[in-house]
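Please treat every number below as a calculation from the coordinates, not as lab data. Note that the coordinates shown come from a computational prediction; the quantities given were computed from them, not determined experimentally. Note that each Cβ is placed from the backbone with ideal geometry, even for glycine, and that neighbours are counted across all protein chains shown.
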Amino acid sequence: MPAEYGKRYFHGMGSGYRWGYTWKTVGHLLRSHFRDVVLHSRYKSGRWLDAGCAHGFLLKIANEHGWEPYGFDASPYAVEEARKVCPNAQVFISDARGRLPLPNNFFEVITACELVEHLSQPEKFLKEAYRLLKPDGLLFVTTPNASSVFSSRLAKGFCRAISFSTPFQDETHVSYFTSESIERLLSRCGFSRVETKCSLDFLWRLNLRTPSPIGWTLLAFAYYSR
């Protein structure tokens, strides 16, 4: 596990979590993601895998609504925290670069929130997610939007100068996507239909749908069908 994903990372060291990764700072956003997933998923219950689950907040939300929660993270620190936050979840240490110790066609929903940008070869994980999904299952991906004005060098410099946190301030990001590029990649990985949207998370309270040039987060809904 890379050292940069330890406790200090989740408290803003080298990451975009300037104010820390806590329920107060990300809870509203994860509740919004949960609602999006349930709205778009054919299934309303079943097994839910959160890839790169961090502190397990999304697993806790899913569990509270009747889902059977599973999660993994490359960070032993994060997995330890997730087990505290959601004791009912089956959480294990792993990264998203190889085959996961899980059977084919096992999950109704897989979420990967702010994960693929950390992977030098995200296609490997997306193919693995396809393997793990049941027919008509849903993969939900969020990742920084490379088409956003916030991704420009000028905007990043300005935001850094005023201590305004955006998804583009994380030093561990190695892959960025536009709506078009992530749709192509997901299609290559086998997903039959992909929908993308953009959003802007603001002031720990609001998660707004926006046009692509403004929204700094991409949301992709990828469907598995035979």
Handout entry: Relative contact order %, the range 3-223, counting alpha carbon pairs below 8 Å whose residues are six or more apart
Key = 20 percent
Handout entry: Total charge dipole magnitude, the chain, about the Cα centre, Cβ charges on Lys, Arg, Asp, Glu only, Debye to nearest 20
Key = 200 debye
Problem - Residue pairs, from the table LYS24/LYS127; LYS60/LYS84; LYS60/LYS197, whose Cα atoms sit over 22 Å apart - result: LYS24/LYS127; LYS60/LYS197
Completion exercise
So the compactness index of the range 3-223, its C-alpha Rg divided by 2.2 N^0.38 Å, takes the value 0.94
Exercise for the section: Place +1 on the Cβ of every Lys and Arg and -1 on the Cβ of every Asp and Glu in the range 3-223, take the dipole about the Cα centre, and give the residue among ILE214, TRP67, HIS173 whose Cα lies farthest towards its positive end. Expected result: ILE214
